[in-house]
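The values are calculated or read from the model by the stated rules, or taken from the named source; none is laboratory data. As the structure is a prediction and not an experimental result, all values here were calculated from the model. For neighbour counting, all protein chains shown are included, and Cβ atoms are generated from backbone atoms with ideal geometry for every residue, glycine included. What goes into the accessible areas is simple: the full protein's heavy atoms, side chains included, and nothing from ligands, DNA or RNA. Shrake-Rupley method; radii C 1.70, N 1.55, O 1.52, S 1.80 Å.
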Amino acid sequence: QVQLVESGGGLVQAGGSLRLSCAASGLAFSLYTMGWFRQAPGKEREFVAIMPRIGGITYYADSVKGRFTISRDNAKNTVYLQMNSLKPEDTAVYYCAADSTNWGRTTPNQYDYWGQGTQVTVSS
């Protein structure tokens, strides 16, 4: 059974930082593209960042480029999202997801597995 478990969310002031983690189990982690997505109230789920398996290119949404960094530790089956210079508009539930392809896909419905999400709230 595949499980993705996010952690690290919370309440932070604008300009602050958070580091999200997503621990995966039940899948060959190193063979999956891992992505972070977010969903704010009343909005659709949107792509934030993806890191394909070895040899792939990391992608970021324009809204987070230069502020967020995705990384992965295949030995720990974990993907991270370091979020710096946070803004109130970054407030959302953040989800990690796994894609069995190496195609660098950024559309949520193309992902195979999802975590339960972790809330990030940025106060102004």
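Worth a mention:
- For the chain, the solvent-accessible area with a 1.4 angstrom probe is 50 square angstrom per residue.
- Under 5 Å from the amide H of LYS87 lie the amide H atoms of GLY15, each residue being 5 or more positions distant or on a separate chain, with H modelled from the backbone and absent for Pro and chain starts.
- The apolar share of the surface of region 5-103, taken as the fraction of accessible area on carbon and sulfur atoms (1.4 Å probe, ligands and nucleic acids excluded), comes to 51 percent.
- Taking the charge dipole of the chain about its Cα centre, with +1 at Lys and Arg Cβ atoms and -1 at Asp and Glu Cβ atoms, the residue from ASN84, ALA61, ASN109 reaching farthest to the positive side is ASN84.
- Mean shadow area of region 6-124 over all directions, Cα convex hull, nm²: 6.7 nm²
- Computed about its Cα centre, the charge dipole of the chain is approximately 180 debye, with only Lys, Arg, Asp and Glu carrying charge at their Cβ.
- Under 16 Å from LYS87, Cα to Cα: lysines that are on another chain or at least 8 residues apart: LYS65
- Charge tally around ALA24: other residues with Cβ under 13 Å, Lys/Arg +1 each, Asp/Glu -1 each, net -1.
- Multiplying the residue separation of SER124 and ARG19 by 0.36 nm and removing their Cα-Cα distance gives an extension gain of 35.9 nm.
- Theoretical FRET efficiency, 1/(1+(r/R0)^6), r = Cβ-Cβ of ASP112 and SER7, R0 25 Å, to 0.05: 0.75
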